[in-house]
1. Go through (1) surrounded by 13 or more Cβ atoms within 10 Å (Cβ to Cβ); (2) touching a residue at least 24 places away in the same chain (Cβ under 8 Å) one by one and return the number of the condition Arg51 breaks.
2. Any residue in the stretch 9-35 that's among the small types (Gly, Ala, Ser): show its pairings with residues that are surrounded by 10 or more Cβ atoms within 10 Å (Cβ to Cβ) at Cβ separation under 9 Å, as long as the two are six or more apart or on different chains.
3. For the structure I just gave you, tell me whether Thr53 is polar (S, T, N, Q), at pLDDT below 95 and out of contact with any helix residue (DSSP H, G or I) (no Cβ under 8 Å at 6 or more places or on another chain).
4. Can you tell me which residue in the stretch 1-48 is nearest to the chain's Cα centre (by Cα), limited to those that are of a type in the set (Asp, Glu) and over 23 Å from Arg59 (Cβ atoms)?
5. Determine if the stretch 32-42 includes at least one residue that is at pLDDT below 95, surrounded by 10 or more Cβ atoms within 10 Å (Cβ to Cβ) and of a type in the set (A, V, I, L, M).
Amino acid sequence: YHADERTDVHYRGHEGVLVKRDYGRLYQDLFPDLVLREEGFLTMEEHGFDRVTYQVFERT
């Protein structure tokens, strides 16, 4: 799940097992040679996915 800042989510009675964050930014920070080519959001109603944020990177 996406969040602008790291957010721990209480999940089925457990703490520390689900984290929301900006994973696209994390990948760019870890791998500076990646170039963001596409970013989007998929919903259950339109695409059959449960609130998916995606990024497509190209390695340079």
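The values are calculated or read from the model by the stated rules, or taken from the named source; none is laboratory data. Computed from a prediction, not measured in an experiment: that's the story for all the values here. Positions of Cβ are generated from backbone atoms using ideal geometry, with glycine treated the same way; all protein chains shown enter the neighbour counts.
1. That leaves (1) as the condition not met.
2. From residues that are among the small types (Gly, Ala, Ser), the pairs are Gly16/Asp8; Gly24/His2; Gly24/Leu36; Gly24/Glu39; Gly24/Thr53; Gly24/Tyr54; Gly24/Gln55; Gly24/Phe57.
3. No; evaluated as a whole, the condition is false for this residue.
4. Asp4
5. Scanning the stretch 32-42, I find at least one residue that is at pLDDT below 95, surrounded by 10 or more Cβ atoms within 10 Å (Cβ to Cβ) and of a type in the set (A, V, I, L, M), so the answer is yes.
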